[in-house]
Amino acid sequence: MRKILFLPFLLICLTPAFSQSAKDAAKTPLKIIVFGAHPDDCDLGAGGVASIYSSMGHKVKFVSLTNGDAGHQDIGGGELAKRRLNETKEVAKRLGIEYDVLDNHDGELFPTLENRLAVIRKIREWNADVVIAPRTNDYHPDHRNTGVIV
């Protein structure tokens, strides 16, 4: 059954009209925004996709809803948040994307109106065509709440 369904799709994709519309769509870059709870969540969950889309000329932005100031065995607080912010800058440079980090404390993210409005602003400012967020049933409360907020 899969082969039967795949063949018509393949035939449609190979038609000149479909190919031309795909080329026209490629002229206008997509604007993709990816949300994560912590600095590095977007990198781990969508870094490969971001790299591919960025290399194709599309625009990608990662947004971390917390500053990542907790959760390390050796350092914490402001020093850790600064380190993670610097890591996001390096990721953005290497992938050819943009990366924003909001100043919410790690482990204290809740689906408040203030956080929801911040996410809405990010989506509208980016004028996103595609929005990617974590699932709402994750093991970590910040991940769950990021999904709920988005």
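In what sequence, highest mean first, do 54-63, 89-98 appear when ranked by Cβ atoms within 10 angstrom?
Answer by packing, highest mean first, reads 54-63, 89-98.
What length, rounded to one decimal in nm, is gained on full extension from Asn137 through to Arg116, with 0.36 nm per residue of separation minus their alpha-carbon distance?
5.7 nm
Below 9 angstrom from the Cβ of Ala37, what's the summed charge of the other residues (Lys, Arg +1; Asp, Glu -1)?
Local charge sum for Ala37: -3.
Just add up the charged neighbours of Pro141: K/R +1, D/E -1, any other residue whose Cβ is under 14 Å from the Cβ of Pro141.
-3
Rank by packing, highest mean first: peptides 46-52, 73-79, 115-121, with packing defined as the count of other Cβ atoms within 10 Å averaged across residues.
Highest to lowest by the protection proxy: 46-52, 115-121, 73-79.
With an 8 Å cut-off on Cα pairs and a minimum separation of 6 or more residues, tell me the relative contact order of segment 60-123 in percent.
Relative contact order for segment 60-123 comes out at 44 percent.
Amide H of Ala37 versus every other amide H placed in the peptide plane: which residues, excluding those fewer than 5 positions away on the same chain, fall under 5 Å?
Leu65
Return a whole-number percent for the relative contact order of segment 107-147, with Cα pairs under 8 Å and 6 or more residues apart as the contact set.
47
Coordinate-derived values only; no laboratory data. These numbers were taken from a predicted model, which means no experiment stands behind them. As a convention, Cβ positions derive from the backbone with ideal geometry for all residues, glycine included, and neighbour counts pool all protein chains shown.
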